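Here the structure is laid out as structure tokens; the discussion comes afterwards.
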Amino acid sequence: MAEKLIEIKNLKQYFNVGKPNMVKAVDGVTFDIYKGETLGLVGESGCGKSTTGRTIIRLYEATGGQVLFNGENVHGKKSKAELKKFNRKMQMIFQDPYASLDPRMTVADIIAEGIDIHGLAKSKKERMERVYELLETVGLNKEHANRYPHEFSGGQRQRIGIARALAVKPEFIIADEPISALDVSIQAQIVNLLKKLQREKGLTYLFIAHDLSMVKYISDRIGVMYYGKIVEMASSDELYENPVHPYTKSLLSAIPLPDPDYERTRVRKIYDPSQHQYGPEDKVELREVAPNHLVLCSEREFEQYKKEYEKK
Ligand SMILES: Nc1ncnc2c1ncn2[C@@H]1O[C@H](COP(=O)(O)OP(=O)(O)O)[C@@H](O)[C@H]1O
Ligand SMILES: [Mg+2]
């Protein structure tokens, strides 16, 4: 059995936006992330993916729930040293590598920022050697060190963002739509780089995406999120082959394939959340339709989902 690196238990993140209004961006999310795996988190824009990521690494204080990293509570009262330790072990890569790279800093200083904060180099020489090594690791080179972010293409900037994250030798990386802003031709390169780094360094990823098209190739398991909740979670193959929740089916029907026959007959399924008529007596929770395949549903829906599943 794989070891758990991250345990997320009933995590909540509510934003107060004017008195009576509360945005339940993350509304009771529970899942584990195993050491060395990639967990894909998918859902349309605004469903709470980034907030989940940011709350896990404590960029936001959680409204409720728990996050354990190697069994240790990430939230709650922490000393500066403890917070710094978590900061080093959990890093983030962002969607827009340009907005997240300071335009006035050289690539070397951007990459070395974490090295400086955490005192990971004993001398200037060691610091630069580390920067050069990181540039190589992400497919750039020494000559890039003294340049500025605007001199690079989108894909190269994302490589710089990855080098910056790797600089502090993290165990866990949240990649928040790291390829969404890139040309399709570049997307695969970045995904392959992330995969290579994972193999070489034993990294664990939470890979966030707004559609299901690329996630399959990088994720071992996928969680589908809708309005602050996980509605379905399974291994990638299982999710693509046997989707159960109507929202997942709708996301899958939106993926175009380079096959004209398929495209001619592809029917986009529209998800209608009002199809779930829950009464106050309904216990809506994640239930296991097949081993390790969870679906958010009531008891009644569960019976129906199971029947449909077994018919296949
Ligand atoms: N800092 C914030 N203050 C108030 N509302 C926020 C904040 N961040 C995100 N939200 C809201 O929370 C919801 C989820 O946002 P987000 O996590 O960014 O979604 P996603 O990454 O899936 O697109 C959205 O309704 C968004 O408007
Ligand atoms: Mg987001």
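Coordinate-derived values only; no laboratory data. All values derive from a computational prediction rather than experimental measurement. Heads up, the Cβs are rebuilt from the backbone with ideal geometry, glycines too, and the neighbour counts pull from every protein chain shown.
Classify the stretch 262-312 as rounded, prolate or oblate from the Cα gyration tensor: take a ≥ b ≥ c as the square roots of its eigenvalues, call it rounded if a/c is under 1.5, otherwise prolate when a/b beats b/c and oblate if not. It is oblate, given that a/c is not under 1.5 and a/b is not larger than b/c.
Fewest-first ordering of 82, 7 by other beta carbons within 10 Å of each residue's beta carbon gives 82, 7. When each of 219, 153, 79 is scored by the number of other beta-carbon atoms lying within 10 Å, the sequence from fewest to most is 79, 153, 219. Relative contact order for the chain: 20 percent, from Cα pairs under 8 Å spaced at least 6 residues apart, divided by residue count. Between residue 257 and residue 147, take the C-beta separation as r, use R0 = 45 Å, and let me know the FRET efficiency to the nearest 0.05. Efficiency, rounded to the nearest 0.05: 0.70. The stretch 236-312 and the stretch 162-212 have Cα centres lying 27 Å from one another. Placing +1 at every Lys and Arg Cβ and -1 at every Asp and Glu Cβ, with all other atoms neutral, what dipole size does the chain have around its Cα centre, in debye to the nearest 20? Approximately 1040 debye in magnitude. Its relative contact order, with pairs defined as Cα atoms under 8 Å and 6+ residues apart, puts the stretch 208-312 at 24 percent.
Here's how it looks for residue 32: its modeled amide H is under 5 Å from those of 8, which are all 5 or more places away or on a different chain. Projected onto planes of every orientation and averaged, the convex hull of the alpha-carbon atoms in the chain covers 19.2 nm². Packing, taken as the mean count of other beta carbons within 10 Å per residue, orders the peptides 270-276, 250-256 from highest to lowest as 250-256, 270-276.
When the charge dipole of the chain is built from unit charges on Cβ atoms (+1 for Lys and Arg, -1 for Asp and Glu) and taken about the Cα centre, the candidate among 243, 53, 293 whose Cα reaches farthest toward its positive end is 53. Sorting 183, 261, 32 from the fewest to the most surrounding beta carbons within 10 angstrom yields 261, 183, 32.
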